[in-house]
Amino acid sequence: MRRSAGLLLHRPTDRGREVLLGHMGGPFYARRDAGAWTVPKGEYDPAEPAWDAARREFEEELGLPPPEGGAVPLGEVRQAGGKVVTVWAVEADLDPATVVPGTFRMEWPPRSGRIEEFPELDRVAWFPVDRAREVIVKAQAAFLDRLDEHSHGRK
């Protein structure tokens, strides 16, 4: 079973809570919006603690150190492809313009023999939670619900 771990940054604004999502890079998602945005995350080996992997992957995906501060475990979800994703919410602010995404290589176009390099995340942006629900990978919407439950429970 493949596993990923990540950090969902969130911040309060005068318009309500916002979350930081990344648009998946590469040719398969280039023209997609709905379902093409994700919590910054990445795969890890089962021997590595998920929390350590979430922090490491945040830095690999965004090119920035993970924020300090209290983390709220949002549990895990199983995505359509079978991957299990574990996420923690961290209240922090970050300027998307400072992101320097990691890259991956793949053959493109298919069967061309050419290897191209693409950013892991080609855009990073803050979304109001309701708008985030419209664009995030379907299974990951559960993390937004859990963040809402936690946020409302604190009031």
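The values are calculated or read from the model by the stated rules, or taken from the named source; none is laboratory data. Small disclaimer: the values here were computed from a predicted structure and weren't measured. Please note: Cβ atoms are built from the backbone with ideal geometry, for glycine as well, and neighbour counts cover all protein chains shown. Each accessible area value is taken on the protein alone, full model and side chains, heavy atoms only, with ligands, DNA and RNA left out. Shrake-Rupley method; radii C 1.70, N 1.55, O 1.52, S 1.80 Å.
Distance between the modelled labels on residue 51 and residue 139, one decimal in nanometres: 2.4 nm (7 Å Cα→Cβ projection).
Averaged over its residues, segment 80-155 has an accessible area of 58 Å² per residue, based on protein heavy atoms and a 1.4 Å probe.
Would you mind checking segment 55-73 for residues with the amide N under 14 Å from a putative spin-label position 7 Å along Cα→C-beta of residue 150? Under cut-off, by backbone N: 55, 67-73. Counting protein heavy atoms only, the chain has 51 percent of its accessible area on carbon and sulfur, 1.4 angstrom probe. Accessible area ranking (1.4 Å probe, heavy atoms, ligands and nucleic acids excluded), largest first, for 37, 51, 126: 51, 126, 37. At a Förster distance of 30 Å, what's the computed FRET efficiency of residue 131 paired with residue 43, Cβ-Cβ distance as r, to 0.05? So the FRET efficiency works out to roughly 0.65.
Every Cα-Cα pair of the chain was included, and the share exceeding 27 Å stands at 19 percent.
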